[in-house]
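Working notes for the structure below.
Rule-based calculations on the coordinates, nothing more; no lab input. Since the structure is predicted, the reported quantities are computational estimates derived from the model, not experimental observations. Every residue, glycine among them, receives a Cβ derived from its backbone with ideal geometry; neighbour counts consider all protein chains shown.
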Amino acid sequence: RAKEEGRNGFRFFTDEMQARTDRALALFTALGFALERGQVALHYQAIVRVSDQTVVGAEALVRWTHPVLGKVSPAEFIPIAESGGQILRLGDWVMEQAVKQAGLWRQAGRELVVAVNVSALQFRHPDFVSRLEQLLSTHNLPARYLELEVTESLTMGDPQAAIATMQQLRTLGVSLAIDDFGTGYSSMNYLRRLGFNKVKIDQSFVHDIGADPDDEVIISAIIQLGQSLGMVTLAEGVESATQRDFLATRGCQLMQGWLVSPACPAQDFEAFLNTAPR
Ligand code: C2E
Ligand code: MG
Ligand code: MG
Ligand code: MG
């Protein structure tokens, strides 16, 4: 009987694995055509001051609607695009859209910093910085209106190369943020030396404010360390007034999350801007 269960358990496991592999393969293939078929869009999520909810910027988040599978989360397809190399074309497209949009907003009198997520493969590309520079000049955007978000693991792979690229980006004048902070392994000191301007506290810590004292301690520590090292602190995934109030008392400067606004198309973001304090 135990043997039978074991066998069924095993069969179930392989079926599930197979389904997952089939889906990944379908996504992998479809990703190659997604851009030219107009299935990809860029959404924007407001970044606001914790103290008064003034909008200071937006994070660009990519969206993909597959004709059969429907909306696919970037959490699922970005890793696939990274493993297959499609992230380079996708990342170029995202960067161009975001820079163009930031330029348009600036022309319209809205000085918003647009934050763009950057994958390791993009970041390590030898032409990354020069092409970024080109893009900024094409769209007439001063570099300070662009922020790049990278993860700890991206900088850990080859620290020397990362330091060199970061130095070039700093010289260019773009802002640098460390994304999902607290989930990786690097030290604050190391991040400071890499020259990050901003620490984005991972939403997993924010989620349990009010429920998990350990997470509250971790958040407080990141805010204190970040500020004493001269970095702006931002909390991700803020969904409730309780979370916002906690962040306010701890002196966290910026936040983003559904409490303020979900990521939405540029047009909706503009409508939101018109109702937000400025
Ligand atoms: P991330 O950069 O940490 O982005 C924050 C994620 O939290 C986004 O998920 C956002 O929609 C979600 N979020 C925002 N507010 C809330 C909230 O109040 N509660 C909760 N539970 N979640 C919230 P999304 O859009 O699914 O993106 C997931 C990840 O995919 C991003 O994490 C980022 O790592 C990656 N990604 C998204 N767009 C791009 C892109 O253009 N390029 C690259 N390389 N990666 C991207
Ligand atoms: Mg991000
Ligand atoms: Mg994040
Ligand atoms: Mg994330």
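For region 41-135, the helices (runs of 4 or more DSSP H) that sit wholly inside it and include 2 or more residues that are closer than 22 Å to GLN256 by Cα and touching a residue at least 24 places away in the same chain (Cβ under 8 Å) are 74-84, 87-107.
Taken over region 136-153, the residue count meeting the criterion of being assigned to a helix (DSSP H, G or I) and more than 16 Å from ligand 2 (Cβ to nearest atom) is 6. Filtered by the rule that a residue be farther than 15 Å from ILE47 by Cβ and loosely packed, with under 14 Cβ neighbours inside 10 Å, region 249-277 gives THR249, PRO265, GLN267, ALA271, ASN274, THR275. Of everything in region 238-248 that is part of a loop (DSSP other than H, G, I, E, B) and surrounded by fewer than 18 Cβ atoms within 10 Å (Cβ to Cβ), the residue that is farthest from ligand 3 (Cβ to nearest atom) is SER240. LEU234 meets each of the listed conditions (1) touching a Cys at 6+ places or on another chain (Cβ under 8 Å); (2) exposed (fewer than 15 other Cβ atoms within 10 Å of the Cβ) apart from (2). Each residue in region 249-260 was checked for being in contact with a Leu (Cβ under 9 Å, 6 or more places away or on another chain), within 13 Å of ligand 3 (Cβ to nearest atom) and not hydrophobic (A, V, I, L, M, F, W, C), and 1 of them qualify.
Among the residues of region 182-191, is there at least one that is in a loop (DSSP other than H, G, I, E, B), on the phi > 0 side of the Ramachandran plot, touching a residue at least 40 places away in the same chain (Cβ under 8 Å) and crowded, with 17+ Cβ neighbours inside 10 Å? The answer is yes; a qualifying residue exists. Note on region 47-71: residues that are within 10 Å of ligand 1 (Cβ to nearest atom) and crowded, with 20+ Cβ neighbours inside 10 Å amount to 4.
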